[in-house]
Amino acid sequence: MADDCLFCRIVRKEVGSDIIDEKPTAIAFRDVSPQAPVHVLIVPREHIPTIADLISVPNSCEILSDIFSLVNDIAVSEGISQSGYRLVANVGEEAGQAVDHLHFHLLGGRFMGWPPG
Ligand code: AMP
């Protein structure tokens, strides 16, 4: 846990968020600035900065299993499992990663393919 990390503080429930599901090693909450009708962030409870750092975490398999279980369950509960969704993880500054705590954006509920609708 990092004292000054926003997502660590959300995990510790020191900062309010709209948490929609939880697993032993990961939680899911709605993005405060949604880019689609469904925009959920899935984050490990442990402070892991990026995907690149995940490989050196001893329980990385358990964390990934919880993250992808949450993705699956939330896609069903939010009604986007059949229509489709996008799963995005920004890594580093050039990709636009603003919060240095690993997170997956689960986006759905609107057309995101090509050509734009
Ligand atoms: P990224 O740019 O990939 O690091 O994504 C960070 C995401 O965190 C952005 O989509 C923000 O809208 C979102 N965000 C920032 N602060 C909060 C917050 N307090 N609660 C929920 N989502 C947040």
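The values are calculated or read from the model by the stated rules, or taken from the named source; none is laboratory data. Owing to the predicted nature of the structure, the values given are computational and were not obtained by experimental measurement. Every residue, glycine as well, gets a Cβ built from its backbone with ideal geometry; the counts of neighbours run over all protein chains shown.
Considering only segment 79-97, how many residues are surrounded by 14 or more Cβ atoms within 10 Å (Cβ to Cβ), more than 9 Å from the ligand (Cβ to nearest atom) and of a type in the set (G, A, S)? The qualifying residues number 1.
Out of (1) modelled with pLDDT of 95 or more; (2) more than 21 Å from D73 (Cβ to Cβ), the odd one out for D3 is which? Exception for D3: condition (1).
Scanning segment 11-24 for residues that are surrounded by 15 or more Cβ atoms within 10 Å (Cβ to Cβ), farther than 14 Å from V71 by Cβ and in contact (Cβ under 8 Å) with a residue 24 or more places away in the chain gives a single hit, V11.
Here is a yes/no grid of residues against (1) in contact with a strand residue (DSSP E or B) (Cβ under 8 Å, 6 or more places away or on another chain); (2) of a type outside the set (S, T, Y); (3) within 12 Å of the ligand (Cβ to nearest atom):
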{"site": "E14", "(1), (2), (3)": "no, yes, yes"}
{"site": "S17", "(1), (2), (3)": "yes, no, yes"}
{"site": "R30", "(1), (2), (3)": "yes, yes, yes"}
{"site": "P37", "(1), (2), (3)": "yes, yes, no"}
{"site": "V40", "(1), (2), (3)": "yes, yes, yes"}
{"site": "P44", "(1), (2), (3)": "yes, yes, no"}
{"site": "H47", "(1), (2), (3)": "no, yes, no"}
